[in-house]
Amino acid sequence: MEGFEVEFCRACKNALIPIEDLKHEILKILEDKTWNARRSHERIKIGIAACPNACSSPQIKDFGVIGFIKPSVDPEKCNSCKACLKACKENAINFNSFPAFNENCIGCGDCMRACKTGAIRGESYFKVLAGGRLGRHPRFAEVVAVVKDEKEVLRVFEEVLRISYEKNKRFSYIDNSLEILRERIKSSALSEVNNGLDG
């Protein structure tokens, strides 16, 4: 695993996805790999977060994952208490008889945790990012896929590594790395991968 920096968020009350299996699989992929890096900025960096708070800062890594939910409401369980509305920091809930989620929703799960009747549930997803870096010319990683299956996350991760090895450069320092990755995702058999948040 020489030449890589891997950062996983700590388990906390905000976690929306279990990351232990994903952690194990990523470390397994890297265990027999080496990357020639003399300095920290030359290392390939990976960050995995179990919620949109993104404690492990996947937005500034070559490869990152952020867990989130797509919330839904069971109107029969909703008592219209508006606890979800008060808990939402994103102004992402329109409330008539019961909550409806708008485009501001980041899938943090605050509404779900605030709901005392269990009317709000969330389906878990992984937002996969790539191309982030710090330093002289910093940039945020961009979303390259949204997937439900951990295996699809790992397949995108392996593609990020493959591109880095092919170009002999850290993924985030390859001029057209995101375009290459998106094209490979599009043309591959990544059955569950979406190139955005829709779907």
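Label-point separation (nm) for ARG182 and ARG113, each offset 7 Å from Cα along Cα-to-Cβ?
Output for this residue pair reads 3.3 nm.
Between ASN104 and ARG121, 0.36 nm times their residue separation minus their Cα-Cα distance comes to what?
On the way: separation 17, 0.36 × 17 = 6.12 nm, distance 1.75 nm.
Gain in length upon complete extension: 4.4 nm.
Test of understanding: what is the full-extension gain from ALA37 to ASN94, defined as 0.36 nm times their sequence separation minus their Cα-Cα distance? Write out the running numbers ahead of the final one.
On the way: separation 57, 0.36 × 57 = 20.52 nm, distance 4.96 nm.
The span from ALA37 to ASN94 would gain 15.6 nm if fully extended.
Per DSSP helix of 4 or more residues, -39500 (n - 2.57); summed, then divided by the residues of the chain. What does that give at 222 nm, rounded to the nearest 500? Can you show the working numbers first?
Numbers: 5 runs with 50 residues, N = 199.
Computed mean residue ellipticity for the chain: -7500 deg cm²/dmol.
Tell me the per residue accessible area of the range 1-45 using a 1.4 Å probe; a whole number in Å² is fine. Write down the numbers at each step before the final one.
Values: 3020 Å² over 45 residues.
Heavy-atom accessible area per residue stands at 67 Å².
Percentage of Cα-Cα pair distances in the range 1-64 greater than 14 Å, rounded to whole percent?
Details: 1152 of 2016 pairs.
Across the range 1-64, Cα pairs with separations above 14 Å total 57 percent.
Label GLU5 and PHE140 with points 7 Å out from Cα along Cα→Cβ: what is the distance between them in nm?
2.0 nm
For the chain, build the charge dipole from Cβ charges (+1 Lys, Arg; -1 Asp, Glu) around the Cα centre, then report which of GLY107, ASN53, ALA130 sits farthest towards its positive end.
Looking along the dipole axis, the top candidate is ASN53.
How high is the relative contact order of the range 91-185, in percent, with contacts defined as C-alpha pairs under 8 Å that are six or more residues apart? Provide the component values of the computation, followed by the final result.
Working: 94 pairs, mean separation 17.2, N = 95.
Value for the range 91-185: 18 percent.
Check the chain for me: any Cys whose beta-carbon has no other cysteine beta-carbon within less than 4.7 Å?
CYS12, CYS51, CYS78, CYS81, CYS88, CYS105, CYS108, CYS115, each lacking another Cys Cβ under 4.7 Å.
Please give the per residue accessible area of the range 83-163, computed with a probe of 1.4 Å over protein heavy atoms only, in Å². Walk me through the numbers on the way to the answer.
Values: 4220 Å² over 81 residues.
Accessible area per residue: 52 Å².
For semi-axes √(5λ) of the Cα gyration tensor in Å, the choices are (i) 35, 16, 15; (ii) 24, 19, 18; (iii) 45, 19, 18; which was calculated from the structure?
Looking at semi-axes √(5λ) of the Cα gyration tensor in Å for this model, the match is (i).
Once you charge only the Cβ atoms, +1 for Lys and Arg and -1 for Asp and Glu, what is the size of the charge dipole of the range 78-199 about its Cα centre, to the nearest 20 debye?
On the way: 20 positive and 16 negative charges, 92 e Å.
Value, rounded to 20: 440 debye.
Placing +1 on the Cβ of each Lys and Arg and -1 on the Cβ of each Asp and Glu in the chain, which of ALA92, GLY67, SER187 has its Cα farthest towards the positive end of the resulting dipole?
ALA92
Leaving ligands, DNA and RNA out of it, report the carbon-plus-sulfur percent of the accessible area of the chain at a 1.4 Å probe. Spell out each step's value before the answer.
Numbers: 5080 of 10900 Å².
The value for the chain is 47 percent carbon and sulfur by accessible area.
Are there trypsin sites (Lys or Arg not before Pro) in the range 20-59 that DSSP marks as loop and that have at most 10 other Cβ atoms within 10 Å, and which are they? Show your work: numbers first, answer last.
Values: sites: LYS23, LYS28, LYS33, ARG38, ARG39, ARG43, LYS45; in loops: LYS33, ARG38, ARG39, ARG43.
Hits after loop and neighbour filter: ARG38, ARG39.
The values are calculated or read from the model by the stated rules, or taken from the named source; none is laboratory data. Bear in mind the structure is a predicted one, so any value in this text is a computation, not a measurement. Note that we place each Cβ from the backbone using ideal geometry, even for glycine, and neighbour counts take in every protein chain shown. For accessibility, only protein heavy atoms count, side chains too; no ligands or nucleic acids. Shrake-Rupley method; radii C 1.70, N 1.55, O 1.52, S 1.80 Å.
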